[in-house]
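S.K.: Could you have a look at this structure, given as structure tokens, before my questions?
Read-outs: derived from the displayed coordinates by stated rules, not from any lab. Every value quoted in this text rests on a predicted model; they were computed, and no experiment measured them. Neighbour counts are summed over all protein chains in view; Cβ atoms, including those assigned to glycine, are modelled from backbone coordinates with ideal geometry.
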Amino acid sequence: MLEITHISKTFFPNTPNEVNALKNVNLTLEKETFTAVIGTNGSGKSTLLNAVAGTFGLDAGQIRLAGSDITGWPEYKRAKLIGRVFQNPFAGTAAEMSIAENVVLAIHRGQRRSLRTAVTRSLREEVADRVCSLKMGLEDRLDNPIGTLSGGQRQALTLLMATWRKPELLLLDEHTAALDPKSAAKVAELTRDIIKQDKLTALMVTHSMQQAVDLPDRIVMMHKGQIIRDFQGNDKRRVRIPDLLGTFDRVQKKDLFDESVAELLYGAYA
């Protein structure tokens, strides 16, 4: 379904600010599976999502999605196959446009259209029915500007919009991180239900260990631009939050040990 093969990306190469963000990463997602990517800040998890979305070009490697080599595709072309929900609840929507207008634009994503895309009566009824499934009472507020909604309401709608056309791949970039705990829990529940109901393939970056344990079928752990652990099958079913935290702790201690050894060796031969 999604095949990521030997991809690498370095930002600001050959400068004091050089960052090796992705280092020869390989990852394959099977169709209709839900994978979470976890890691510390700077581990490369969001960079991996951006690489798949086409936010920047790669230094090396290949990305294939649904049988097509999309490595050289620009971001707008990939958007025909990929749905995405960002961390910011106010990203990906037009604040001054109504709920109905925003949803209709999402419905026609990737198709030839104008800003005058019509909200017909039949389409409005379909929108109201789907919005009603969110159980937030928004089906009676379709004419309200989407910018007047709370972060949780807006993120739920953004999730609905991103999955309306059942994309080949759904990217979730810490999509509950900016929400209060109650709203985050609601959006996480909606995420799980929509992915299961629509049989979507999803890749989610999260800092929430609880979400990583509860929601996906698989957990991929990244560190310094590389995948260091991959919990699948029985390993995933058995893993608990202390296991994940323990792995992080061991990795960080190893880094400190390696740095100390390097300093000792450098001091010995300086």
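S.K.: Semi-axes of the equivalent ellipsoid for the chain, please: Cα gyration tensor eigenvalues, times 5, square-rooted, ordered largest first, whole Å.
M.R.: Taking √(5λ) for each Cα gyration eigenvalue gives 37, 21, 17 Å.
S.K.: Which log10 I(q)/I(0) values does region 63-210 give at q = 0.14, 0.18, 0.20 Å⁻¹ under the Debye formula, counting every alpha carbon as one identical point scatterer?
M.R.: Calculated log10 I(q)/I(0) at the listed q: -0.67, -1.11, -1.34.
S.K.: Measuring from the lowest to the highest alpha carbon on each principal axis, how far does region 147-195 reach, largest first, in angstroms?
M.R.: Largest first, region 147-195 extends 29, 21, 17 Å along its Cα principal axes.
S.K.: Further question on the same structure: Quick one: which of 82-90, 8-16 comes out on top by average Cβ neighbours within 10 Å, and what's the full order, highest first? List each step's numbers first, then the result.
M.R.: Working: 82-90: 21.0, 8-16: 11.9.
In descending order of packing, they fall as 82-90, 8-16.
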